[in-house]
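Step one of this worksheet: look at the structure below.
The values are calculated or read from the model by the stated rules, or taken from the named source; none is laboratory data. The structure displayed is predicted, hence computed values, not measured ones. Glycine gets a Cβ as well: all are built from the backbone with ideal geometry, and neighbour counts include every protein chain shown. We work out accessible area using only protein heavy atoms, side chains counted, and drop any ligands, DNA or RNA first. Shrake-Rupley method; radii C 1.70, N 1.55, O 1.52, S 1.80 Å.
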Amino acid sequence: MTATMRARIRAGDATAFADLFDEHAPAVYRHAAWMDGGPANAEDVVSLTFLEAWRIRETLRPDGESLRPWLLGIATNVLRNRRRAARRHRAALSRLPPGDAVPDFADEVVGRLHDSAQLAAATAALRALRRADREVFLLCVWQQVDYAAAAEALGIPIGTVRSRLSRARTRLRALAEAELHRPSARLVLTGEEY
């Protein structure tokens, strides 16, 4: 590596740094994989190494040959820091009191499946409403707009808003109930399709 390339890197030349990465990333990867016992975290180490190299680029000596030793030294420090952090994390976890027994979450899963089926039924029922009733329902119930504001938004009398909302609620209950009792909804609720 020439002094010119070192100077460009020290100055923050992104193109020179990209060339540095292209040339030395494979060596840093192999070093990290070898030092860490496998390739599982090597890509992270490469990323952290070059991030750190960019951060401390101004400390790079202006003279010298290859930058590989500089990068491998940074990678070694990154690996040390990761191991130290992992040790501290394990030590902190070991100091925590043992947790209570984990509750059975099967009931929660069944509840979520039931909620999911109800939401699907409500969505299907909402789509089955007449457009005018659906618009009033969405404004008044989901957007929590009062009757006067809904009437103004839709350009209809307040009485029409009230009657459409009443009709939409009645129709939605019936449609959602019918949707929940369809065979496909029962399969989701009981998990029979798996």
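The table for this structure:
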quantity: Unit charges on C-beta of K, R, D, E only; dipole of the chain, Debye; calculated: 340
quantity: Centre separation in Å (Cα based) which lies between the stretch 118-187 and the stretch 1-74; calculated: 61
quantity: Accessible surface, the stretch 117-156, averaged per residue in Å² (probe 1.4 Å); calculated: 60
quantity: In Hz, Karplus ³J(HN,Hα) per residue of the stretch 142-155 (6.51, -1.76, 1.60; θ = phi - 60°; x = Gly, Pro); calculated: 7, 8, 6, 8, 6, 4, 4, 5, 5, 4, 5, 5, 9, x
quantity: 0 to 90° range, to nearest 10: angle between helix 68-95 axis and the chain longest Cα axis; calculated: 50
quantity: Other-chain or far-sequence residues with amide H under 5 Å of L129's (modelled H); calculated: none
quantity: Values of log10 I(q)/I(0), in the order q = 0.10, 0.15, 0.17, 0.18 Å⁻¹, for the chain under a Debye, Cα-only, solvent-free model; calculated: -0.71, -0.91, -1.09, -1.16
quantity: FRET efficiency, R182 to Q143 (Cβ-Cβ, R0 22 Å, nearest 0.05); calculated: 0.15
quantity: Heavy-atom accessible surface of the chain: percent carbon and sulfur, 1.4 Å; calculated: 56
quantity: Normalised contact order of the chain, rounded percent, pairs of Cα under 8 Å and 6 or more residues apart; calculated: 18
quantity: Principal-axis tilt of helix 42-55 within the chain, Cα atoms, nearest 10 degrees; calculated: 70
quantity: Amide H partners (placed H, <5 Å) of L60, local residues excluded; calculated: none
